[in-house]
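The values are calculated or read from the model by the stated rules, or taken from the named source; none is laboratory data. Worth saying up front: this structure is predicted, and the values here are computed from it rather than measured. Note that we place each Cβ from the backbone using ideal geometry, even for glycine, and neighbour counts take in every protein chain shown.
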């Protein structure tokens with residue numbers, strides 16, 4: 001019963017077209033690395049996962065890679081991500097899927113025995129293209145979206161577009177992206193509103209420290225800061241922006257001896273999951289990431305793992 005109540009509170013906006021946008025899967029970082037930095041990633045490349053945050057970053061990757069991610073979200077829901085970034089020279093093409101689902105809901109027409117169980121499922125299938133011009137790179141993503149809330153089902157589309165520029169041997173990156181601009185078919189009587197937003201941010205390598213007694217143990221500190229502007233769904237009038245809803249995402253990454261990464265993140269306006277933590281391990285062509293995101297509302301703690309293999 002508790003499970004049903006929690007998920008009805010979280011997912012009813014997707015069905016009833018409440019003031020907040022639905023399809024919140026698109027507001028959750030698909031990888032452990034992004035979650036551990038509180039999604040402060042509009043100027044930080046993470047392989048194929050950048051297809052959802054800033055597709056221009058796909059062209060900034062050093063090598064092609066395959067990424068997989070699994071997130072155990074609250075109340076037994078699961079998020080799955082898989083993607084490939086095919087970068088060659090100054091061009092990149094990427095493909096990915098991102099899904100979220102939970103099952104075990106009881107369906108009733110009235111008091112008494114249930115008619116059986118049903119599930120809720122969200123799916124995004126995306127393709128992207130990016131080009132690096134040297135001074136800056138641009139990229140665009142197209143998404144096919146599907147939501148299945150028994151007995152209702154709807155399809156839709158969304159577009160992401162981004163730009164990124166770097167300076168001082170890639171030590172400073174500045175990025176901007178418009179994400180999740182699109183629309184859904186009607187789910188029952190009304191269409192789910194997509195969480196469209198505009199994000200601009202910076203990633204800076206602020207400190208590289210090498211102790212004179214341990215020259216083989218360098219530490220590189222990188223800070224990230226994103227400014228996020230949620231945008232109202234399109235109506236018959238011009239879109240409006242409410243400044244009171246804008247917020248910052250901050251992230252800190254410590255790269256130790258080019259083998260271990262320690263991360264932390266903070267959201268200024270998210271009182272549900274304001275902080276996050278994570279760790280990463282680098283071994284030749286393989287990168288393993290883990291993120292821990294505590295919820296302060298009693299829903300529990302999110303755990304996420306990810307694996308990236310460089311081709």
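Going through (1) under 30 Å from residue 167 (Cβ atoms); (2) modelled with pLDDT under 95; (3) crowded, with 16+ Cβ neighbours inside 10 Å one by one, residue 102 falls short only on (1). Scanning the range 198-217 for residues that are buried (at least 19 other Cβ atoms within 10 Å of the Cβ) and modelled with pLDDT under 95 yields a count of 0.
Quick check on this structure: which one of 193, 183 is in a loop (DSSP other than H, G, I, E, B) and under 23 Å from the mean Cα position of the chain (by Cα)?
Being in a loop (DSSP other than H, G, I, E, B) and under 23 Å from the mean Cα position of the chain (by Cα) holds for just one of 193, 183, which is 193.
Please state which one of 285, 267 is modelled with pLDDT of 90 or more and either at positive phi or surrounded by fewer than 17 Cβ atoms within 10 Å (Cβ to Cβ) (or both).
Details: 267 fails: either at positive phi or surrounded by fewer than 17 Cβ atoms within 10 Å (Cβ to Cβ) (or both).
From the options 285, 267, the qualifying one is 285.
Applying the set (1) out of contact with any helix residue (DSSP H, G or I) (no Cβ under 6 Å at 6 or more places or on another chain); (2) part of a strand (DSSP E or B) to residue 100 leaves exactly one unmet item: (1). Among the residues of the range 105-135, those that are outside any strand (DSSP E or B) and either touching a strand residue (DSSP E or B) at 6+ places or on another chain (Cβ under 7 Å) or modelled with pLDDT under 95 (or both) comprise 107, 108, 109, 110, 111, 112, 113, 114, 115, 116, 134, 135.
Does residue 176 qualify as being at pLDDT 95 or above and closer than 30 Å to residue 147 by Cβ?
Answer is yes for this residue.
Filter the range 130-165 down to residues that are over 30 Å from residue 120 (Cα atoms) and either more than 22 Å from the chain's Cα centre (by Cα) or without any contact (Cβ under 8 Å) to a residue 24 or more places away in the chain (or both) and give me whichever is surrounded by the most Cβ atoms within 10 Å (Cβ to Cβ). Taking the candidates together, the pick is 132.
State yes or no: is residue 68 at pLDDT 90 or above, under 19 Å from the mean Cα position of the chain (by Cα), under 27 Å from residue 182 (Cα atoms) and assigned to a helix (DSSP H, G or I)? Lay out the reasoning, then the answer.
On the way: at pLDDT 90 or above: yes; under 19 Å from the mean Cα position of the chain (by Cα): yes; under 27 Å from residue 182 (Cα atoms): yes; assigned to a helix (DSSP H, G or I): no.
No: the conditions fail for residue 68.
Identify all residues within the range 45-65 that are at pLDDT below 95 and either part of a loop (DSSP other than H, G, I, E, B) or out of contact with any helix residue (DSSP H, G or I) (no Cβ under 9 Å at 6 or more places or on another chain) (or both); write none if there are none. Hits for the range 45-65 are 45, 46, 61, 62, 63.
Could you grab me the full set of residues in the range 82-97 that are touching a helix residue (DSSP H, G or I) at 6+ places or on another chain (Cβ under 7 Å) and surrounded by 15 or more Cβ atoms within 10 Å (Cβ to Cβ)? Steps first, please.
Step one: filter the range 82-97 for residues touching a helix residue (DSSP H, G or I) at 6+ places or on another chain (Cβ under 7 Å), giving 83-85, 87, 90-92, 94, 96.
Across the range 82-97, the qualifying residues are 83, 84, 85, 87, 92, 94, 96.
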